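Peer 1: What follows is a single structure, and I will ask about it in a moment.
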Amino acid sequence: MSVLLQQLANGVVQGALIALIALGYTMVYGIIQLINFAHGEVFMVASYGGLATFTLLPEDLQKSPAVALPLMFVGGIVVAVVVAVIMERFAYRPLRNAPRLAPLITALGVSVFLQEAVRVFYPNAKSNLPYPKVFPEGNLTLGPVNVSWTGVLLVGLSIGLAVILQTYINKSRMGRAMRATAQDPDTAKLMGVNPNRVIVLTFVFGAVLAGVAGIMYGGYLNNINIDMGFQTGIFAFTAAVLGGVGSIRGAVIGAFIIGLIKTVAGQYMPGGTQYDYVWIFVVLILVLVFRPQGLFGEPERVRA
Amino acid sequence: MSPLLEVRNLSVAYGAIEAVRDISFTVEAGQIVSLIGSNGAGKTTTLRTISGLLRPAAGEILFQGKPIHNQPAHTILGMGISHSPEGRRLFPRMTVEENLQLGAYVRKDDGVQADMQRVYDLFPVLGERRHNKAGLFSGGEQQMLAIGRAMMSKPRLLMLDEPSMGLSPIMTQRIFDTIKELQSLGTTILLVEQNALAALALSDHGYVIDLGKTTLDGPGHSLLADQRVRDAYLGESH
């Protein structure tokens, strides 16, 4: 029983990480119907951006977590946003009116490009790199369950940012413009909404969340590698599809479900954590067969 | 003094298919002008080109004397042209209020709230149900909201595409009364209609469009009396 509770707690933390990334997939899809397969790589470069920021700090600041950690967040998020904006401008925007397969293949290309760029240009990126010890230490203990304070921080950031995002999209003027563009891009233009501005902003929001996830990943798991974007990206993509791609709430709930399946299956199913991807793809296939619009998505409609 | 809107020898193509071949017309400030013609004549394409959603293959569109046919759609609204598209195209999963707020998206002044109230005064059913999703309303109510939304940008020129489509005769009459009222409040209106009788009765000037060309024009009442118009569009036979 205590093992199960512990795995459920681990699942919530993993779900929180996956949610931060899944939101980027679901928002971009909601606006331009593109599965941005390079989004996992945005998360990865953010993690390296945070690490690089730490490395560049003077030694006395490196020893002060209260300064170093916020600066790492800033560095990681800036790198993520710059990469996402360039990617949108030069890889996806020219293909805006191309058949849907073209930007999808481009996204795969961008993904490989970013991974290889980090592998080639980041010092020692061929092996796992240890992440700086600037995160909260110790554990939160609730009965039989232990969660590191870094994990608690991750869950808090994930839920907090998701609520802020949802509120912004529902209440603000720009949020209304985003929803209008998602529902009917031509009519949104007739209202005076500049589609490029909405699309760039969507990529920026996704990148900020992926940036936070990239830093917290390093803090929670203690080291990073260039495959992390692809690996975690698959979970996040599946979470977005499970929740109903395009839906903010769906992405978050889908992410927690995926996190829980991952940890519980890793504990109890034969083969342990080596079979993570098997169970996740089983979920993905079942969703696509029985409820392709996901838990909270709208059934696909053909636009007039 | 140049006219408010001038369309000169416009042609528009979807790939190889030419939907508009040679359309010319003029809208003077303060007028109601209607474009009538059968289904597929190119009326909707013309409006979509004026509002910047489509690019002309040839010809010119001048608004207050300045060419606008190379401007993107989202800046054309800011110049003072508002377009209520065919089929109403509300944002169905947003509330009445949110739809109206989007109509006022480019406005920075603080009169938006008062103008929203004016729409509610004009169409009380919208005010009573302002927090309901637009997709839940009847066709006539949706048309009211579409017109109200198009008014929210305070346009100099309001373009309405088939505002009577799918409506009962009573509701059609209300919509046309509203259009007349908007004119009296100083809005210039370009109307596209299949209901030629009602549109021409209301219009200062009308243009008949056939197979992508302007074929006939004149004051609304004289077109109504023209035997060719009556034969072709008013469903009369000898």
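None of the figures in this text is laboratory data; all of them are computed from the coordinates on show. Computed from a predicted model, the values in this text were never measured in an experiment. Here the Cβ positions follow ideal geometry from the backbone for every residue, glycine too, while neighbour counts run over all protein chains shown.
Peer 1: Return a whole-number percent for the relative contact order of the range A:163-243, with Cα pairs under 8 Å and 6 or more residues apart as the contact set.
Peer 2: Details: 24 pairs, mean separation 10.5, N = 81.
In percent, rounded to a whole number, it is 13.
Peer 1: Something else now. Give me the inter-chain shielding for A:192-198: mean count of other chain Cβ atoms within 10 Å, whole number please.
Peer 2: Mean partner-chain Cβ count within 10 Å for A:192-198: 5.
Peer 1: State the answer as a single residue: which of A:Pro195, A:Val163, A:Leu57 lies farthest towards the positive end of the charge dipole of the range A:2-225, with beta carbon charges of +1 for Lys and Arg and -1 for Asp and Glu, about the Cα centre.
Peer 2: A:Pro195
Peer 1: Straight-line reach from A:Lys262: which lysines have a Cα under 27 Å away, not including same-chain ones fewer than 8 places off?
Peer 2: A:Lys126, A:Lys133
Peer 1: Still on this structure: Listing B:Thr45, B:Thr215 from the residue with the fewest other Cβ atoms within 10 Å to the one with the most, what is the order?
Peer 2: Ascending Cβ contact count within 10 Å gives the list B:Thr215, B:Thr45.
Peer 1: Defining a contact as two alpha carbons under 8 Å apart and six or more residues distant in sequence, what relative contact order in percent does chain A show? Walk me through the numbers on the way to the answer.
Peer 2: Working: 503 pairs, mean separation 104.8, N = 304.
Averaging sequence separation for qualifying contacts and normalising by length gives 34 percent for chain A.
Peer 1: Quick one: of the DSSP bridges fully inside chain B, what percent are antiparallel, nearest 5? Mind showing how you got there, number by number?
Peer 2: On the way: 20 of 39 bridges.
Percent antiparallel among DSSP bridges in chain B is about 50.
Peer 1: If exposed means no more than 11 neighbouring beta carbons inside 10 Å and the site is in a DSSP loop, what's the longest run of chain A without any exposed GluC sites (Glu not before Pro)?
Peer 2: On the way: sites that count: A:Glu137, A:Glu300.
In chain A, the maximal stretch lacking such sites is A:138-299.
Peer 1: Quick one: of the DSSP bridges fully inside the protein assembly as shown, what percent are antiparallel, nearest 5?
Peer 2: Working: 26 of 45 bridges.
Percentage antiparallel, nearest 5: 60.
Peer 1: Using a cut-off of 19 Å between alpha-carbon atoms, which lysines can reach A:Lys171, once sequence neighbours fewer than 8 places away in the same chain are excluded?
Peer 2: Filter leaves B:Lys108, B:Lys133.
Peer 1: Under 17 Å between alpha carbons, and skipping anything fewer than 8 positions from B:Lys213 in its own chain: which lysines qualify?
Peer 2: B:Lys43
Peer 1: While we're here: Please arrange B:Tyr14, A:Tyr217 by counting, for each residue, the other beta carbons lying within 10 Å of its beta carbon, fewest first.
Peer 2: Values: B:Tyr14 10, A:Tyr217 25.
Taking fewest neighbouring Cβ atoms as first place, the list is B:Tyr14, A:Tyr217.
Peer 1: Oh, and also: Using only the alpha-carbon atoms, how far is helix A:228-243 inclined from the longest principal axis of chain A? Give it as 0 to 90 degrees, nearest 10.
Peer 2: Around 50 degrees separate the two axes.
Peer 1: Expressed as a whole number of Å, what is the distance separating the alpha-carbon centroids of the range A:13-82 and the range B:111-128?
Peer 2: Each part reduced to its Cα centre gives a spacing of 45 Å.
Peer 1: Compute the separation of the alpha-carbon centres of the range B:1-31 and the range B:136-201 and state it in Å as a whole number.
Peer 2: 21 Å
Peer 1: I would also like to ask the following. Which whole number gives the average count of other chain Cβ atoms within 10 Å of the Cβ atoms across peptide A:179-186? Before the final figure, lay out each step's value.
Peer 2: Numbers: counts 5, 7, 1, 2, 6, 5, 2, 6.
The per-residue average across the peptide is 4.
Peer 1: What's the ranking of B:85-96, A:118-129 by average number of surrounding C-beta atoms within 10 Å, highest first? If you can, show how the numbers build up before the last one.
Peer 2: Details: B:85-96: 19.8, A:118-129: 12.6.
In decreasing order of mean packing, B:85-96, A:118-129 become B:85-96, A:118-129.
Peer 1: OK, next. With n ≥ 4 as the cut-off for DSSP H runs, can you work out [θ] at 222 nm for chain B, using -39500 (n - 2.57) per run divided by the number of residues, rounded to the nearest 500?
Peer 2: Working: 10 runs with 88 residues, N = 238.
Counting only the DSSP helices, I get -10500 deg cm²/dmol.
Peer 1: Defining a contact as two alpha carbons under 8 Å apart and six or more residues distant in sequence, what relative contact order in percent does the range B:92-154 show?
Peer 2: Details: 66 pairs, mean separation 34.8, N = 63.
In percent, rounded to a whole number, it is 55.
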